[in-house]
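The values are calculated or read from the model by the stated rules, or taken from the named source; none is laboratory data. A quick note: this is a predicted structure, and the numbers were derived from the prediction, not measured. Heads up, the Cβs are rebuilt from the backbone with ideal geometry, glycines too, and the neighbour counts pull from every protein chain shown. Surface areas here come from the heavy atoms of the whole protein model, side chains and all, with no ligands, DNA or RNA. Shrake-Rupley method; radii C 1.70, N 1.55, O 1.52, S 1.80 Å.
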Amino acid sequence: MGMRIPIETSARHAHISQEDFEILFGKGKGLTFVKELSQPGQYVAKERITITGPRGTFRNVAILGPFRNETQIELSVTDTRKFGVPVVIRQSGDLADTPGCTIQAGRRSIELDHGVIVAKRHIHMTPTEALKMHVSDNEEVFVITQSYERALIFADVVVRVNPNFRLAMHVDTDESNAFAGDISPYGVLLKMFDGDVYNLASWAEELQDGIKR
């Protein structure tokens, strides 16, 4: 029996550097803890920001702590279309050549020349859990969801392994709505092609060419 992986929905939010935070909220100011998140050490802060792109504005955007080395805005694909920026799907922290936006708090604002991403779907797990599931850090896997009558298979799910992580798969609001997640949705790793890592696009091309695995 496969290990159940809790699936959590990550709505639009921001990670912020201390430098940018102090520009927006004042020198020497820090994030105000409100609520702990599922990943140890991660939390929702009291402070909120407004972000503006070429075509739209999102207000009351949550900031997640602690501070990061670089400010990062995470949107869904639907959000990017309303916002007016290209869809750039990346792992957290991989911000080179990504679009930027304006961030505002009260009368203060900063212009980011990069940092807006759609987060690549991923699973947090410990090394022990990775061993049990026979996967490794940065491996891409398939996950089949357990839900109502809209179960589906997610491909290209990145495994992220760290001793401090707590087992959870993170998807954005578009992905969560696609499988009509239950109150406590979960998924299970789906071993395909003898358990080898395989790119979904390559698989689709092979199927079009009549190649069956």
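Taking the condition open to solvent by 30 Å² or more (accessible area, probe 1.4 Å) and within 14 Å of the chain's Cα centre (by Cα), does Leu37 pass?
yes
Thr57 - would you say it is surrounded by fewer than 18 Cβ atoms within 10 Å (Cβ to Cβ) and more than 18 Å from the chain's Cα centre (by Cα)?
Taking the combined requirement at face value, the residue satisfies it.
Checking Lys191 against (1) under 26 Å from Ala11 (Cβ atoms); (2) open to solvent by 20 Å² or more (accessible area, probe 1.4 Å); (3) modelled with pLDDT under 90: exactly one of these is not met. Which one?
(1)
Return the total of residues in the stretch 166-178 being over 24 Å from Asn138 (Cβ atoms) and over 12 Å from the mean Cα position of the chain (by Cα).
2
Out of the stretch 5-31, which residues are farther than 14 Å from Gly65 by Cβ and within 21 Å of the chain's Cα centre (by Cα)?
Across the stretch 5-31, the qualifying residues are Ile5, Pro6, Ile7, Glu8, Thr9, Ser10, Ala11, Arg12.
The rows are residues; the columns are (1) surrounded by 20 or more Cβ atoms within 10 Å (Cβ to Cβ); (2) of a type outside the set (Ser, Thr, Tyr); (3) in contact with a strand residue (DSSP E or B) (Cβ under 9 Å, 6 or more places away or on another chain).
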| site | (1), (2), (3) |
| --- | --- |
| Asp79 | yes, yes, yes |
| Ser92 | no, no, yes |
| Pro99 | yes, yes, yes |
| Thr102 | no, no, yes |
| Arg107 | no, yes, no |
| Asp113 | no, yes, no |
| Lys120 | no, yes, yes |
| His124 | yes, yes, yes |
| Pro163 | no, yes, no |
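Return only the number of the condition from (1) touching a residue at least 12 places away in the same chain (Cβ under 8 Å); (2) within 24 Å of Ser184 (Cα to Cα) that Glu36 does not satisfy.
Tallying (1) touching a residue at least 12 places away in the same chain (Cβ under 8 Å); (2) within 24 Å of Ser184 (Cα to Cα), Glu36 fails exactly one: (1).
Under the condition of being surrounded by 15 or more Cβ atoms within 10 Å (Cβ to Cβ) and of a type in the set (Phe, Trp, Tyr), which residue from the stretch 133-161 is farthest from Val87 (Cα to Cα)?
Selected residue: Phe142.
When you look at Leu75, is it of a type outside the set (Asp, Glu) and more than 16 Å from Cys101 (Cα to Cα), yes or no?
Criteria not met by Leu75.
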